[in-house]
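Before any comments, here is the structure.
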There are 2 protein chains.
Amino acid sequence: MQKVDIDIEAFRRDMDAVSTFGATPDGGVCRPTATDADGAARDWFCRRLREEGMQISVDQLGCIFGVLPLAGADAPLVLTGSHLDSQPTGGRYDGAYGVVAGLHAALAVARAIKSSSAQPKCNVGVVNWTNEEGSRFAPSTMGSAVFAGAIEAQAALAAQDEKGETLAAALAKIGYAGNDSAPLKLAAYVEAHIEQGPVLEREQRTIGVVDGNWGTAKFIVEFTGRAAHTGPTPMHERRDALLAAARLVLAVRAESDATAGALLSSVGRIEVHPNSTNVVAERARVYVEFRDIDQARLDAACRSFAATVATIAQNGIRAVVTQTTDRRVADFDAGLRELIEAVAHEADISSMRLRTVAGHDAVSLATRFKSAMIFVPSANGISHNAEEFTASEDLEAGARVLAGVLAHLVRN
Amino acid sequence: MQKVDIDIEAFRRDMDAVSTFGATPDGGVCRPTATDADGAARDWFCRRLREEGMQISVDQLGCIFGVLPLAGADAPLVLTGSHLDSQPTGGRYDGAYGVVAGLHAALAVARAIKSSSAQPKCNVGVVNWTNEEGSRFAPSTMGSAVFAGAIEAQAALAAQDEKGETLAAALAKIGYAGNDSAPLKLAAYVEAHIEQGPVLEREQRTIGVVDGNWGTAKFIVEFTGRAAHTGPTPMHERRDALLAAARLVLAVRAESDATAGALLSSVGRIEVHPNSTNVVAERARVYVEFRDIDQARLDAACRSFAATVATIAQNGIRAVVTQTTDRRVADFDAGLRELIEAVAHEADISSMRLRTVAGHDAVSLATRFKSAMIFVPSANGISHNAEEFTASEDLEAGARVLAGVLAHLVRN
């Protein structure tokens, strides 16, 4: 097999470059979807794609595809990539790594093809998916979910941020309300990503071959009580939506405690109206999530949670529950997993199998396409935090394995 | 005694006029301190003061004084008034009533003096205090507290809203960063206000003669944990500031429950960072308040609360507690209370004694000046809500009693 070499210097330069967009003083990034910082990162990405002679298309969700037509316009596409958006307290690696590693893996594949006589069967491309994080617009993995046909483009574009701005309007503002058709003839999608958990570091392995994903259920619970003065209003007449929300936060935690922490649960977001010291809260919106590797245990927690909401919503409090995510436990493509393992083994890079707890664009893609993921270690398992860190040698090993996998897929 | 007559038609017109500033579709008002809506209400108030020939001064906190110099520039001032700012979910009457009733009571006093031969001993004036509500800038009753010397003007002006704008900057924007000296030679301060509680309605009395105020203690508790991904981060490694905040909300409620609701407690406001679905909360700020008619029971609750915060702030959560209000149980001036009672009795308007649970500008004033309050009924005790309502005949009876009290004070 022709040697597939990442241009390590260029890869490092691009990792440094992308980390400047939305950079925060603590060394992290704040680059929520379709903000100015996200727009600047996208502009940089498009400039890099043009410099490398890639064909750029931007679909209606603002996802940016860069393609090298190695095998002709009608050939299927081997796609890699990830996302440039971040959480408000994001680190440098979550998403951006997969985009930059994907770009350089694709370029390495093209160089290898060019210097060989073999006729490639596929084109190769890299994508920046819109709104993987879901922090400004819900749900998460939005661009990839629309691409995979799991949600309607119009519904996704109508999602509003806290200030009532739609994703459609926000994308138009930064110049990424595209109308190109997305390249749907996919041979495979392989995404490199930091693990965001402690397993690889603990087990001292460089590459995580992701077997599949945990199940995830997310809900928004909106409690409605009645605004009242916190002074003269007698306690028994108060219909306090924030008190109901606090009860729910503890109940959500209790679901995890009941499984000794095997089921993961969290409330990371809450919105209170009018949120004024002297006013009994009229409304409180609580964003709940449960994750489990065991689908049956996850389903049981969701049933228990629904019963808890009903119990809290008594004494004049109204509750409306909306499920925003129902990601079932699922496996990635078996052939791709074996290929990743084989490429790592051949390159003498240690690897292990694991499952992703977090959602990823590759998980969205897997519902319709052959899809897989390559993880690299996260120091102390920390993510969604400026302290997020992955060592350069791990980043580069992941990019090399990704390039080897893409090269194999393009040729065969 | 010369008859002191409110111009009822003009009073009604002015109540209608002031209700248009920051009017909300549900019939309430949203007029937080130093917003455009507050600025418009202030402009209207100054126009009305000018139309009535009153001398206007605006102090450095933006408090607006309108004075009728009945007894000469050096005579002491009998002052009335209240506040034009509102909660985000405010009703039409809270504050605005006391300003409009105060204006018309002062005018009625001036007419009565003019048509009599008696020489008044005092001037009469009406004030709009800045930031009574404390919802945009903390603490509440800010303008009157600075006037009474309880807090420093510079500290008050440096208070910031959620977006980091200072009160000084916000006042400058709406044109009310004044530099007139406030009229500190007060003979007395009497404020009319809606009760905001259910007592007068239940007891079928028109006038509440306010004996004094409940004690109130307010705190801001800031929990700091660590931002982390809500997916792969193991439960035992999470340092969840929002979970700590939820525990505190329930503990604050439990302090009241332990007194069978005699102690009032509330958390009406919470701020979470980064407040994103997929991120374990790094920080949560909780705004806590306790109110009690019994100072000893209030003090005990505050001690118990401090112990609870210390208990919650374990397992890697840090807590910083700041007390923002320590309003002790206190009485209004005994002579003024008797005067209000006598004036109501003489006018054949029913009255009763009660205590205010809520803070008011008159409570701030009482720490330094002879001060008292007149309450009128609130339908169903509802306040800080668009449904806030007081019947016209009650509003007008309150204004009449206020005018009678002011007339007595100006003459004697």
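Spot the failing condition for A:V4; the list is (1) over 20 Å from the mean Cα position of the chain (by Cα); (2) among the hydrophobic types (A, V, I, L, M, F, W, C); (3) surrounded by fewer than 21 Cβ atoms within 10 Å (Cβ to Cβ), and only one is missed.
Condition not satisfied by A:V4: (3).
Here is a list: B:L395, B:L354, B:L365. Which entry is hydrophobic (A, V, I, L, M, F, W, C) and within 14 Å of the chain's Cα centre (by Cα)?
Checking each option against the conditions leaves just B:L365.
Can you confirm whether the stretch B:81-98 contains a residue that is of a type outside the set (D, E, K, R), away from every other protein chain (no Cβ under 14 Å), closer than 13 Å to B:P183 by Cα and not in a helix (DSSP H, G or I)?
no
Within the stretch B:54-79, track down each residue that is assigned to a loop (DSSP other than H, G, I, E, B) and either among the basic types (K, R) or over 12 Å from B:A106 (Cβ atoms) (or both).
Answer for the stretch B:54-79, where residues must be assigned to a loop (DSSP other than H, G, I, E, B) and either among the basic types (K, R) or over 12 Å from B:A106 (Cβ atoms) (or both): B:D59, B:Q60, B:L61, B:G62, B:C63, B:A71, B:G72, B:A73, B:D74, B:A75, B:P76.
Do you know which residues across the stretch B:126-184 are surrounded by fewer than 20 Cβ atoms within 10 Å (Cβ to Cβ), among the hydroxyl-bearing types (S, T, Y) and more than 30 Å from B:A108 (Cβ to Cβ)?
The one that is surrounded by fewer than 20 Cβ atoms within 10 Å (Cβ to Cβ), among the hydroxyl-bearing types (S, T, Y) and more than 30 Å from B:A108 (Cβ to Cβ): B:T166.
Determine which single condition A:N315 fails, assuming it passes every other condition in (1) modelled with pLDDT of 95 or more; (2) not assigned by TED's automatic domain parsing to the domain that holds A:G102.
(1)
Checking the conditions here, which among B:G231, B:G225, B:G215, B:G197 is within 27 Å of B:L103 (Cβ to Cβ) and among the small types (G, A, S)?
Just one listed residue meets the conditions, B:G197.
Of these, A:R253, A:R238, which one is more than 7 Å from chain B (Cβ to nearest Cβ) and in contact (Cβ under 8 Å) with a residue 12 or more places away in the chain?
A:R238
Residue by residue, here is whether (1) within 21 Å of B:N275 (Cβ to Cβ); (2) without any contact (Cβ under 8 Å) to a residue 24 or more places away in the chain holds:
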{"residue": "A:N275", "(1), (2)": "yes, yes"}
{"residue": "A:V286", "(1), (2)": "yes, no"}
{"residue": "A:F290", "(1), (2)": "yes, no"}
{"residue": "A:A310", "(1), (2)": "no, yes"}
{"residue": "A:R328", "(1), (2)": "no, no"}
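Results for (1) in contact (Cβ under 8 Å) with a residue 24 or more places away in the chain; (2) outside the structural domain of A:I194 (by TED's automatic domain parsing); (3) in a loop (DSSP other than H, G, I, E, B); (4) closer than 22 Å to A:A145 by Cα, shown as yes or no for each residue.
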position: A:E338; (1), (2), (3), (4): no, no, no, no
position: A:A342; (1), (2), (3), (4): no, no, no, no
position: A:R368; (1), (2), (3), (4): yes, no, yes, yes
position: A:S383; (1), (2), (3), (4): yes, no, yes, no
position: A:T390; (1), (2), (3), (4): yes, no, yes, no
position: A:L395; (1), (2), (3), (4): yes, no, no, no
position: A:A399; (1), (2), (3), (4): yes, no, no, no
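Among (1) within 13 Å of chain B (Cβ to nearest Cβ); (2) buried (at least 22 other Cβ atoms within 10 Å of the Cβ), there is one condition A:I312 misses while meeting the rest; what is its number?
Among (1) within 13 Å of chain B (Cβ to nearest Cβ); (2) buried (at least 22 other Cβ atoms within 10 Å of the Cβ), A:I312 violates only (2).
Looking at A:P32, A:P25, can you tell me which residue is within 21 Å of A:A192 (Cα to Cα) and in a loop (DSSP other than H, G, I, E, B)?
Among A:P32, A:P25, only A:P32 is within 21 Å of A:A192 (Cα to Cα) and in a loop (DSSP other than H, G, I, E, B).
Please determine, by comparing only the residues of the stretch B:264-273 that are out of contact with any Phe, Trp or Tyr (no Cβ under 6 Å at 6 or more places or on another chain) and not small (G, A, S), which one is farthest from A:I312 (Cα to Cα).
Restricting to residues being out of contact with any Phe, Trp or Tyr (no Cβ under 6 Å at 6 or more places or on another chain) and not small (G, A, S), the top hit is B:H273.
Is it the case that B:R285 is within 27 Å of the chain's Cα centre (by Cα) and assigned to a strand (DSSP E or B)?
It is true that B:R285 is within 27 Å of the chain's Cα centre (by Cα) and assigned to a strand (DSSP E or B).
So is A:S392 closer than 23 Å to A:A23 by Cβ, within 14 Å of chain B (Cβ to nearest Cβ) and among the small types (G, A, S) or not?
no
From B:G98, B:G62, B:G91, B:G28, grab the single residue that is touching a residue at least 40 places away in the same chain (Cβ under 8 Å), of a type in the set (G, A, S), crowded, with 24+ Cβ neighbours inside 10 Å and in contact with a Leu (Cβ under 6 Å, 6 or more places away or on another chain).
B:G62
So, restricting to helices (runs of 4 or more DSSP H) that lie completely within the stretch B:123-229, which ones have at least 3 residues that are without any contact (Cβ under 8 Å) to a residue 24 or more places away in the chain?
The qualifying helices (runs of 4 or more DSSP H) are B:167-174.
B:R247 - would you say it is in a helix (DSSP H, G or I), under 30 Å from the mean Cα position of the chain (by Cα) and within 11 Å of chain A (Cβ to nearest Cβ)?
Yes.
Does A:E271 fit the bill of being acidic (D, E), assigned to a helix (DSSP H, G or I) and either over 23 Å from the mean Cα position of the chain (by Cα) or closer than 25 Å to B:H384 by Cβ (or both)?
Against the criterion (acidic (D, E), assigned to a helix (DSSP H, G or I) and either over 23 Å from the mean Cα position of the chain (by Cα) or closer than 25 Å to B:H384 by Cβ (or both)), A:E271 does not qualify.
I'd like the residue in the stretch B:276-293 that is at pLDDT 95 or above, at the interface with chain A (Cβ under 7 Å from one of its Cβ atoms) and under 24 Å from B:K163 (Cα atoms) and, out of all such residues, is surrounded by the most Cβ atoms within 10 Å (Cβ to Cβ).
Here the answer is B:A281.
For the stretch B:276-293, give me each residue that is under 18 Å from B:E237 (Cβ atoms) and charged (D, E, K, R).
Across the stretch B:276-293, the qualifying residues are B:E282, B:R283.
Could you look through the stretch A:192-217, keep only residues that are among the charged types (D, E, K, R) and touching a Gly at 6+ places or on another chain (Cβ under 9 Å), and pick out the one that is nearest to the other protein chains (Cβ to nearest Cβ)?
The residue in question is A:E195.
Taking the stretch A:218-235 only, how many residues are farther than 26 Å from B:H229 by Cβ and either facing chain B (nearest Cβ under 9 Å) or of a type in the set (S, T, N, Q) (or both)?
11
Hey, could you check the stretch B:368-385 for residues that are under 20 Å from A:M235 (Cα atoms) and either under 17 Å from the mean Cα position of the chain (by Cα) or charged (D, E, K, R) (or both) and say which is farthest from the other protein chains (Cβ to nearest Cβ)?
Looking at the filtered set, the residue picked out is B:P377.
Within the stretch B:293-334, how many residues turn out to be β-branched (V, I, T) and outside any helix (DSSP H, G or I)?
Residues meeting the conditions: 8.
Pairs, please: C-beta under 8 Å, at least 6 apart or cross-chain, first residue without any contact (Cβ under 8 Å) to a residue 12 or more places away in the chain and in the stretch A:36-59, second surrounded by fewer than 20 Cβ atoms within 10 Å (Cβ to Cβ) and in a strand (DSSP E or B)?
Short answer, once both residue conditions are applied: A:R50/A:I56.
Can you say whether B:A379 is touching a Ser or Thr at 6+ places or on another chain (Cβ under 8 Å), touching a residue at least 60 places away in the same chain (Cβ under 8 Å) and not charged (D, E, K, R), as far as the supplied structure shows?
Judged against the criteria, B:A379 is a match.
Which members of the stretch A:262-275 meet the condition of being surrounded by 24 or more Cβ atoms within 10 Å (Cβ to Cβ) and not charged (D, E, K, R)?
Residues satisfying the conditions are A:L264, A:S265, A:S266, A:V267, A:G268, A:I270.
The values are calculated or read from the model by the stated rules, or taken from the named source; none is laboratory data. Please read all numbers here as calculations on a predicted model, not as lab measurements. So basically every Cβ, Gly included, is an ideal-geometry build from the backbone, and we count neighbours across all protein chains shown.
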